[in-house]
Structure formats: structure tokens, C-alpha cells
Amino acid sequence: MATIKCVLANSPRIHILFVVSLCLLACNRSFRPAVKTGFEGTPLSAFDILLPDSSTILSTSRLLKGDPTVLIYFSPNCPYSQAEMSNIIEDMSNLKSVRFFIFTSWPFQQFRGFYAYYKLDKFPNITVGQDFKNYFSGHYKPMGVPFTMIYDKDGKLSTAFVGTMPGRQIEELALRN
């Protein structure tokens, strides 16, 4: 044991290696890997969603104009969808310039409960709705929920993910373009 202390104390290379190793461990990002959809580089296909007021229908064609946009297809009862929503809300101070379009094809009452629970009406950069025609799941065939698609400022799909994502990863990917 004394020999080890002596070697560490007298070797600047060991100190540097030790500090670099600690930095690498501290900076380790547990970001979720992207999935291939076959839609990368293409614009979002327009579809309609029913907004929480139960009477307004919004076309997604109006969403991708000039700002980075994140689409999240979710299930109100899914713990991973709930965790992702919590991540986004916790990191909202860094995500204010990102537009979110969060939607589900679940029954309206369940979607409305999710909307109320997370108080999503407080966030002007979040639009929430129900894909009442089930267009998204039929066209894009998501592999699970939450299914997150990040569109660049030009309205083209940059990358997609399945599962809960850290708000930091969404921020980094959405704002880099």
C-alpha cells in the first residue's frame, strides 16, 4: 500500500491519467441512441390532431416553420412517456426556443388527463393533441412510446428515438441545427 502511494505521489503522468479518467467518467453522457425510420431528411407528412378544447383541429403542416420542432408520440399510461414529459418540464428553461408537438392516439379522456396532470397549458412552446385518425402510427410505424422525432429549422427530420430521453439530449439535438 505504501508503495502505491509513493508511485502515485511521485509520478505526474499518473496524476494526469487519473484526472483525465475522472473527467471522462464525469462527462459520460447516457444519451439514448437514435433509430432509423427511413424518413430522415424528409418533411413531416401533414396530419390532423384534436386539441384539448375538444373542438379545435390543428394540422401539423403549420408546425414546422422556422424553429426546431420536437414531435413526441406518447401513451398517457406509459411510465416512459411520463418520465420523458417530466424531463422536458424540468429542463424547460433551456428548451424555451424549441417547439414541442406532443400527441397520442389514446382515447380523449386519457389524453386530457395527461395534459391536465402536467399542466401543459402553462407552456407556450408546447402543443398537445390527439391523433384522432391514427394517422401517425399507421404512416410512421413507431417502434414504441415515447417516440421522439426531432425536426430541424427547415422542417426536415433530423433524428428519431424510442424511449425516455434526457431533456439535455433533446436540447442539444434540437438546437444544433
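The values are calculated or read from the model by the stated rules, or taken from the named source; none is laboratory data. Computed from a predicted model, the values in this text were never measured in an experiment. Counting neighbours? That spans all protein chains shown, and the Cβs are built from the backbone with ideal geometry, glycine included.
Any residue at all in region 129-140 that's in a loop (DSSP other than H, G, I, E, B) and at positive phi? Within region 129-140, one or more residues are in a loop (DSSP other than H, G, I, E, B) and at positive phi. Filtering region 41-98 to residues that are among the polar types (S, T, N, Q), without any contact (Cβ under 8 Å) to a residue 24 or more places away in the chain and part of a loop (DSSP other than H, G, I, E, B) leaves Ser55, Thr56. Filtered by the rule that a residue be surrounded by fewer than 18 Cβ atoms within 10 Å (Cβ to Cβ) and under 15 Å from Pro33 (Cβ atoms), region 125-158 gives Met143, Gly144. All but one of (1) aromatic (Phe, Trp, Tyr); (2) more than 22 Å from Thr37 (Cβ to Cβ); (3) part of a helix (DSSP H, G or I); (4) modelled with pLDDT of 95 or more hold for Phe111; which doesn't? Of (1) aromatic (Phe, Trp, Tyr); (2) more than 22 Å from Thr37 (Cβ to Cβ); (3) part of a helix (DSSP H, G or I); (4) modelled with pLDDT of 95 or more, only one is false for Phe111: (4). Listed by first and then second residue, the pairs linking a residue in region 127-150 that is without any contact (Cβ under 8 Å) to a residue 60 or more places away in the chain to a residue that is among the hydroxyl-bearing types (Ser, Thr, Tyr), with Cβ atoms under 6 Å apart and 6 or more places separating them unless they lie on different chains, are Asn134/Ser105.
Yes/no per residue for (1) touching a strand residue (DSSP E or B) at 6+ places or on another chain (Cβ under 7 Å); (2) surrounded by 17 or more Cβ atoms within 10 Å (Cβ to Cβ); (3) more than 27 Å from Ser61 (Cβ to Cβ):
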| residue | (1), (2), (3) |
| --- | --- |
| Pro76 | yes, yes, no |
| Tyr80 | no, no, yes |
| Lys96 | no, no, no |
| Arg99 | yes, yes, no |
| Phe114 | no, yes, no |
| Asp121 | no, no, no |
